[in-house]
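Here, each number is a calculation from the coordinates, and none is a lab measurement. This is a predicted model, so every value here is computed, not measured. Glycine also receives a Cβ, built like all others from the backbone with ideal geometry; neighbour counts cover every protein chain displayed.
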Amino acid sequence: MTVAYDGTRYNGWQIQRNTDNTIQGKLSAVLSKMTGSMVEVHGSGRTDAGVHARGQVASFEIDGNYSPAEILAYLNRYLPDDIAVLTVDRADSRFHARLSCRQKTYRYRIHTSIVPDVFNRKYVYTYLDKPLNVGLMRRAAEQLIGKHDFKAFCGNPHFKKSSVRTIISININADANGITLDFTGDGFLQNMVRILTGTLIEVGNGNIPADSMSDILSSQDRQRAGFTAPPQGLTLISAEY
């Protein structure tokens, strides 16, 4: 299934022991209610608390003769208003939303106008500290494209698995109200897109040299990278298979 959600009031995607206020938990609860047995839901990625999605992909297995249309209607009837299931399709039994995913695209929106964005304020990071040099941000972004060890851009200091990932593209576009950054890659570490964004912001405002990305990558030191940008500006746009 493809899922869209406003992550503002949720504790992220992943089910947690101390709360039932997660996207994965809400989907699992409704599917379990429909089938009468526990249904486990797997997402293409684990979005953080406060992060949104327009095209999260999730997979699950259920017993019973339910059509995709029946599942779609049931989910959207009982899910909260800030979670919507856009599509439901049958998949091969070997399909897994996370393990089968080839690439994902995240979008981060920075609002730089002194005029507040009234209708999108929950989905942007308002940054007014210093003017941002988009040319420098693009120059730094070029150095991040490709296969690298992104340990310096990982928010989990105890991460034990490989932190090597491939960024396919980083597109940075500016308009009258702000800057949009689109990141496409084969996978992202915890907080990675938000740390990349914070680093590029610090390049844009002159705090970090544009040509220092290779050194930061080589250092594998989280302290060398920029701050972690707030969650509300980030949206999972799509997952490709």
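Points worth noting:
- Tail weight of P(r) past 17 Å, computed on alpha-carbon pairs of region 103-240, percent: 56
- Stokes-Einstein D for region 161-241, Kirkwood Rh over Cα pairs, 20 °C, 1.002 mPa s (µm²/s): 155
- Model label sites at residue 237 and residue 8, defined 7 Å from Cα along the beta-carbon direction, differ in position by 2.3 nm.
- Ellipsoid fit via the Cα gyration tensor, region 180-227: semi-axes of 17, 14, 10 Å, each the root of five times an eigenvalue, largest first.
- Helix 192-204 axis, angle to the chain major axis (alpha carbon atoms, nearest 10°): 20
- 17 Å Cα-Cα reach of residue 151 towards aspartates and glutamates, excluding residues that sit fewer than 8 places from it in its own chain: 186, 215, 221
- Once the convex hull of all Cα atoms in the chain is built, its volume per residue stands at 132 Å³.
- GluC sites (Glu not before Pro) lying in DSSP loop within region 1-88, provided at most 15 other Cβ fall within 10 Å: 40, 61
- Cα-based shape type of region 94-141, given that a ≥ b ≥ c are square roots of the gyration tensor eigenvalues and the cut on a/c is 1.5: oblate
- Cα-based shape type of region 38-175, given that a ≥ b ≥ c are square roots of the gyration tensor eigenvalues and the cut on a/c is 1.5: oblate
- Each peptide in 102-111, 125-134 gets a packing score, the mean of other Cβ atoms within 10 Å over its residues, and the list from highest to lowest is 102-111, 125-134.
- For region 2-87, the equivalent ellipsoid built from the Cα gyration tensor has semi-axes of 20, 14, 11 Å, listed from largest to smallest.
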